[in-house]
Amino acid sequence: MKRKIIPIFVPHIGCPHDCIFCNQKKITGAGTDVTAESAEEIIKEHLSTIDAKNSIVEIAFFGGSFTAIEESFQRSLLAVASRYKKAGIVSDIRLSTRPDAIDGERLALLREYGVTIIELGVQSLDGEVLSKSLRGHTSEDVFAAAALIKEWGFTLGLQLMVGLPGDTPQKCIDTARKFIKMEPQLARIYPTLVVRDTALERLHAQGEYRALEIEETIEICKKLLVLLTGAGVNVIRIGLQPTEEISMGNQVVAGPLHPSLRERVESRIYRDYIESALPSKGQAETIRVFGSKKNMSKLVGNKRENITYLKSISAASVEMKEAKMADDAIAIEIDGEKRIVDISTVYLELERIYF
Ligand code: SF4
């Protein structure tokens, strides 16, 4: 059964803040505010294209800060979603919100309408990063909100941003470690993009903010992915999906926007693991790596970068070959010695190497 998500964007309504990087209207491409009627239209439109019998369908209110919206309006949107859930057409209702817009009363309301998954836009748990990013909440707000969400039995998702003002790779890792302590089931990792008409755009124009390069982003995200996955947190997204709006030169001015960032990150993880499997001085005559069809592009790397890199560090002939094997395993043969490793071993070994 495939999970199908019906996204309803709630752009910035209800959010009393102006985070330095945020322009929800630009980033969601939703210039007009959603209504209960338009939400219903969106749901119907998506359902007409979904094979609902063979899918797990979810309605997701993304963008903005859902629980900061005026209560009667929250109710009108949730009532629509809840009708589809009660009818058995939809199995989950998800929403994202701010940590300081969570309390018992709001959670009671969400439960009343059958919400199952709550994602918190945390972004960082470093005080300096939070304050420089004008988030308007503290790390204590996050810990309290996460604990309450878990206590009430919702599925907890945490969102982390890398490359915010004042951020460093170590601060991102510290944030991920604190995430793990909150025991979320899900996480998303978003590299910071400089979006038009934001305070961050002004900082960037004045030369006071430098956006991360793709390469730096991959290096940070690979460690976050290994750390979170190793702790049993399902990282459901890395990077924003480019769209007509979210594209360089349109609404995005600078930053590590990439159409398949996650694939690049996973590809780097494979490369690091293969490198770690080389003999101690890195020298080898032949390196052959086997993977399923699905894994081949990650093994080979963007523009064959993994092959080029492995050749450069080992002086070996390097071959990546498709083989009939499970998607969660690869086989590495170095100078005739072959072993099969599953992905969890790859992540475990890299956690030891990275940290
Ligand atoms: S809390 Fe969310 S919606 Fe509100 S300004 Fe910040 S990023 Fe934008």
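The values are calculated or read from the model by the stated rules, or taken from the named source; none is laboratory data. Quick caveat, the model's predicted, so the values are computed rather than measured. Methodologically, a virtual Cβ is constructed for each residue, glycine included, from the backbone with ideal geometry; neighbour enumeration extends over all protein chains shown.
Phe62 passes every criterion in (1) among the aromatic types (Phe, Trp, Tyr); (2) at pLDDT below 95; (3) away from the ligand (no atom under 16 Å from the Cβ) apart from (3). Yes or no: region 171-181 includes at least one residue that is in the same structural domain as Glu58 (by TED's automatic domain parsing) and in a loop (DSSP other than H, G, I, E, B). Looking for residues that are in the same structural domain as Glu58 (by TED's automatic domain parsing) and in a loop (DSSP other than H, G, I, E, B), one finds none in region 171-181, hence no.
The residue list Val90, Val142, Val122 contains one member that is outside any strand (DSSP E or B), in contact with a helix residue (DSSP H, G or I) (Cβ under 9 Å, 6 or more places away or on another chain) and within 15 Å of the ligand (Cβ to nearest atom), which is Val142.
Working only within region 174-191, note down all residues that are out of contact with any Lys or Arg (no Cβ under 6 Å at 6 or more places or on another chain) and either among the β-branched types (Val, Ile, Thr) or crowded, with 16+ Cβ neighbours inside 10 Å (or both). Scanning region 174-191 gives Thr175, Ala176, Lys178, Phe179, Ile180, Met182, Pro184, Leu186, Ala187, Ile189, Tyr190, Pro191. For region 150-181, what are the residues that are in contact with a strand residue (DSSP E or B) (Cβ under 7 Å, 6 or more places away or on another chain) and over 24 Å from Gly207 (Cβ atoms)? Answer for region 150-181, where residues must be in contact with a strand residue (DSSP E or B) (Cβ under 7 Å, 6 or more places away or on another chain) and over 24 Å from Gly207 (Cβ atoms): Lys150, Phe154, Thr155, Leu156, Gly157, Leu158, Gln159, Leu160, Thr175, Ala176, Phe179.
Please verify whether region 282-291 includes one or more residues that are closer than 25 Å to Val235 by Cβ and in a helix (DSSP H, G or I). Lay out the reasoning, then the answer.
Start the filter on region 282-291 by keeping residues that are closer than 25 Å to Val235 by Cβ, which leaves 289, 291.
Cutting the leftovers down to in a helix (DSSP H, G or I) gives us none.
The answer is no, given that none of the residues of region 282-291 is closer than 25 Å to Val235 by Cβ and in a helix (DSSP H, G or I).
Quick one: how many residues across region 200-247 are closer than 30 Å to Thr345 by Cα, touching a residue at least 40 places away in the same chain (Cβ under 8 Å) and outside any loop (DSSP other than H, G, I, E, B)? Number satisfying all stated conditions: 21.
Just one of the numbered conditions (1) within 16 Å of the ligand (Cβ to nearest atom); (2) out of contact with any Leu (no Cβ under 7 Å at 6 or more places or on another chain); (3) over 18 Å from Gln185 (Cβ atoms) is not true of Lys53: (1).
Results for (1) surrounded by 15 or more Cβ atoms within 10 Å (Cβ to Cβ); (2) outside the structural domain of Pro184 (by TED's automatic domain parsing), shown as yes or no for each residue.
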| residue | (1), (2) |
| --- | --- |
| Val226 | yes, no |
| Thr243 | no, no |
| Gly249 | no, no |
| Leu278 | yes, yes |
| Arg288 | yes, yes |
| Lys293 | no, yes |
| Val300 | yes, yes |
| Tyr309 | yes, yes |
| Ala326 | no, yes |
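Could you please let me know if Glu70 is at negative phi and more than 16 Å from the ligand (Cβ to nearest atom)? Taking the combined requirement at face value, the residue does not satisfy it.
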